[in-house]
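Contents: one structure, followed by commentary.
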Amino acid sequence: MPTIKSLWEKITIPADRLTDAEERVNSRLLSALLVIFLPVGIFVSTIPYLFGSELALSDDLDFMIIVGSTLFWGIAYGLNRSGYFKVAIAFAIVIAMLIIFTEVIFDSDLEDLSYLLLPLLIISAFFSLKYVLFALAFSLAGIILLPFLFPKFSIEEVLSSSAAFMSFGGFLLIITKVHVANSEKRRKRQLEASELRYALITEAANDGLWDWNLKTNEVYYSTRWKEMLGYEDDEIGNTPEEWTKLIHPDDISISTQHLAFILNQDDPTFKFEYRLKHKMGHYIWVLTRGRAVLDDTGIPTRTVGSHSDISSRKEAEKRLQHDALHDTLTGLPNRTLLLDRLQHSIYFSTRDKNYKYAVLFLDLDKFKDINDSLGHDVGDQILIECAKRIKACARNVDTVARLGGDEFIILLENFDGSNGPVIIAERISKELLRPSDILQTELPLTASIGIVFGNTAYSTPNAILKDADIAMYQAKDTGRAKYAIFDSVMGLKVAKRIEREHELVQAIQNKNFKLTYQPIVSLETGEIFSMEALIRWHHPQRGIIQPDDFIPIAEESGLILRIGNWVLVEACKQIKMWDQEFPQAKNLSMSVNISGKQIASPDFYDFLKRTLQETDLEAHRLHLEITENTIVEDIDQALRTLTEISTLGVELHLDDFGTGYSSIAYLHRFPIKALKIDKSFIDRLLDKNKGQALVGGIIHLANVLDLEVVAEGIEYSNQLALLKELKCGQGQGFYAAKPMYKKDMELILAKNGNIFDLNKEQ
C-alpha cells in the first residue's frame, strides 16, 4: 500500500526536464495548490448530475465557468508535472483571476465559490505574517473601492468579492514570497560562489592581500602577506607602521610618492616594485598592485591591493643584465660595458683638464698554439687564469674587460704620473710569465700590449680602441712579449697598410700580377728538374713590388686566397702550354707556394682537384710548397687537408725548413716528399763549425727519411761545392738562374737538354 508520503511525491514531483533546484521546489508547491482546487471544481461541476436540478447552478454561465476553470486547472497541473513550471504558473494565475472576477464582470452567482480560495490565504500565513497583513489590506481596499465602482453591489456581494480579493492576494503573495526567497537564496549562493572563487584565485595567485582603512588608519594583512615575510599571524598588528618599517631605506621615497598620488586623487590605481625586509634579515622584492576606494565625493576612504613576491624574477633580470654586460667565460665586462665606460671617460676628459685616462690593449702571444696543442678546454682555463692575473695587476677603480678570444682591455682612470699605464703593462707581463698549474707545457705565456693615452682628440670609444689595437700590433712586430705606446707614426703606418690593401684589390681587378719562374736544378749535372712559380706585382707608379712587400698584407686582409688561387691556376696552365711547345718540358714539374689560409679553406681541395682537371695537368707534376708556420696555425686541420691532397698524387714540399717550430715532428706526421733548406742556413754554410754541421745534418736526416732535398739561395760557387760534398741533390738560386718571366724561361726551355753550366764563375 502506498504511504501518504509516496503518494504526495507521486502527485507533486515534476518531470526530470526541470533541473533547477528552486524551480523544482516551486513546482511542487504549485502542484499542491492545484491538487486542492481540482476536486472542488470537479465536485461543483458534477452537482447537477449527482443531486438533481435543485442544487444546480443558477445559470449556464456559472456552469461553463466552473467546467472551463476546472479544465484549465487540470491543464496547468499537467504542464507543471511535465516540467513546464513557468507555463503552468501563467495558467494558474489566469484561472484564479477568472474565478474571482466573474461575479464582478458578469454579475455571477459564484460569490460563494470565492470563499473556496481562502485556503490560499491560510497557506500564505505559513510563509510570513506580513504577507497575511498585506492580503487583508488588499481585501480592505476591495471593500472600500467596490461600492464606488459597482454601486448596485449589496454588502454581501462586496464582502464576498473582498474575500475573493483576499484569497487571490494570498495566492499572489505566495508566488511572490517564493520568488523573493529563491532570489535571495540565488544571490546568496552567487555571493558565496564569488567569494569562493576569489579565495581560490587569491590562493592560486600566491598573493598577499591588504586592506587599508584610511578613516580608522587600520590595515588588514592577510595570512599570506605575513607568510611572505616569514611572520606568523599574531606577529604583525594592524597599523600602517607594521608595513612601512619593513621597507628598504632606498625604496621609501618611491613608496611615499605612490601613496601621495593616491591621497591627492591623482590616480586611483597604483603599481610599483620595492623591497621589504624578511624576518630572517634579508630583503625580498615585491610587486604591489592596488586601488583606492573613493566615496561619493571622490575622497579616498580605503586602499586595497596585493603583494606578489617577485624576488626570483628580479634575480633572473639581474642575471640577464649581468650576462648582457659581462663575458660568460671570465666574468669580466664585455665590449658593451667597456664602450659605455670608455665613453664616460672621454666625456669627463672634455670637462676636466686634470682628468687622465689610458687604454691598454692586450693580446696573448701564440695563444692559438695552446688551443691547437692542448685543446680548447685547456685554452678556456688559461683565459680564465689570465683574466684573474690581469685583474690583480689593475686597481679596483680600473676596468678590465675581455673583447673576445684572447684580447683584453684595461681602462685606467685618474692614474698618478705619466708612467702609470707603463707600470701596469710591465706588471701584467711579469705576472703572465709566472708558472701556471694549468699550462703544463714549455710554451711561454706572454702578451703584446698596446697603450694609448686619452686626450681631447678622441670623441668615440672605437677611435681610441683602434689606436690601441695599432699599438698592440706594433708591439707584436717588435718581438712579442712587449708593449708599445701609440704615436702618430704608427697611425701613418697603418694608414699606409690600409692604402696598400686598397691597391691590392685594384691590382687583382686590373690583373697587375705576373709570374716569374726560377729553375730548380740538379747540383751534379745542371739539369732542370722543376721550376718554382713566383709572383710579382707590377704597380703602375712604383714599378715591380717583390712578394715580401705585399704578401704579409695580403695574408692579414684575406686577399691571399684570391691571389694564391690565381697563382695556382696560372702556373698549371703555363706548364701545360709549354708541354705543347717544348717536348722536353713534359718531364718538368711546377712548384707553387700556398698559404695557411688556402689550406684552412674548406673549398681548397675541391678547387685544386678542379684545377688539375681543367688544365689536364698530371697531379705528380704539381708540387705544393708549404711552410712550417702554415702548418702550425691549425695542425689538425692542416693534417686532414694535406693528407687528402696527397691522395690526388700532388707532392708536398716543406719550404724554409729549420726556421719554424718542431720541424722534425712534422716530417713524421705529414705526407712530405721533399724539404727545402732555408737560405739562412746556406748563407752560413761557409762556417765550417756550425754552418756545415747544420746543413749536413738536415741532408742526412732527409736521406734517412727518404726525402728529396733542395737547397735554396745558392749564390756562390763555393756554396755549390760544399753542397755537392754534403750530397745535396737539388738546388736553386742566383748562381744557377734568377727568377725569369715567361719569354726568358722559354729561351731556356728551347735549349736542347735544359742544361745549366754550373761551373761558371759568378
Legend entry - Any pair with Cβ under 6 angstrom, 6 or more apart, that starts in region 665-694 at a residue that is free of Cβ contacts under 8 Å to residues at least 24 places away in the same chain and ends at one that is among the basic types (Lys, Arg) and surrounded by fewer than 21 Cβ atoms within 10 Å (Cβ to Cβ): Gly691/Arg684
Inset, instruction - Would you mind finding the one in Ala457, Ala475, Ala468, Ala481 that is modelled with pLDDT of 90 or more and either surrounded by 15 or more Cβ atoms within 10 Å (Cβ to Cβ) or of a type outside the set (S, T, N, Q) (or both)? - result: Ala468
Inset, instruction - Could you grab me the full set of residues in region 303-323 that are in contact with a Lys or Arg (Cβ under 8 Å, 6 or more places away or on another chain) and surrounded by 16 or more Cβ atoms within 10 Å (Cβ to Cβ)? - result: Thr303, Gly305, Ser306, Ser308
Inset, instruction - Give the residue that is nearest to Val521 (Cα to Cα), with candidates limited to residues of region 585-596 that are touching a Phe, Trp or Tyr at 6+ places or on another chain (Cβ under 9 Å) and either in a helix (DSSP H, G or I) or not small (Gly, Ala, Ser) (or both). - result: Leu588
Inset, instruction - Can you confirm whether region 486-508 contains a residue that is hydroxyl-bearing (Ser, Thr, Tyr), crowded, with 17+ Cβ neighbours inside 10 Å and either out of contact with any Gly (no Cβ under 7 Å at 6 or more places or on another chain) or at negative phi (or both)? - result: no
Legend entry - Single residue of region 326-381 satisfying the filter (in a helix (DSSP H, G or I) and of a type in the set (Val, Ile, Thr)) that is surrounded by the most Cβ atoms within 10 Å (Cβ to Cβ): Ile370
Inset, instruction - Please state which of the following conditions Ala447 fails to meet, knowing it meets all the rest: (1) buried (at least 19 other Cβ atoms within 10 Å of the Cβ); (2) touching a helix residue (DSSP H, G or I) at 6+ places or on another chain (Cβ under 7 Å); (3) over 22 Å from Leu329 (Cβ atoms); (4) among the small types (Gly, Ala, Ser). - result: (3)
Inset, instruction - Can you run down the residue pairs with Cβ atoms below 8 Å, 6 or more apart or on separate chains, where the first is in region 494-507 and among the charged types (D, E, K, R) and the partner is outside any helix (DSSP H, G or I)? - result: Glu501/Leu559; Glu503/His539
Legend entry - Within region 640-668, considering residues that are aliphatic (A, V, I, L, M), surrounded by fewer than 16 Cβ atoms within 10 Å (Cβ to Cβ) and under 47 Å from the mean Cα position of the chain (by Cα), the one modelled with the highest pLDDT: Leu648
Inset, instruction - Could you tell me whether Arg621 is in contact (Cβ under 8 Å) with a residue 40 or more places away in the chain, out of contact with any His (no Cβ under 7 Å at 6 or more places or on another chain) and either surrounded by fewer than 20 Cβ atoms within 10 Å (Cβ to Cβ) or not assigned by TED's automatic domain parsing to the domain that holds Pro739 (or both)? - result: no
Inset, instruction - Restricting attention to region 677-707, report how many residues are of a type in the set (D, E, K, R) and either touching an Asp or Glu at 6+ places or on another chain (Cβ under 9 Å) or assigned to a helix (DSSP H, G or I) (or both). - result: 4
Inset, instruction - Just give me the residues in region 1-24 being modelled with pLDDT of 75 or more and among the β-branched types (Val, Ile, Thr), in sequence order. - result: Ile11, Thr12, Ile13
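The values are calculated or read from the model by the stated rules, or taken from the named source; none is laboratory data. Keep in mind that what you see is a predicted model, and the values were worked out from it rather than measured. Using ideal geometry, Cβ is built from the backbone for each residue, glycine included, and neighbour counts are taken over all protein chains shown.
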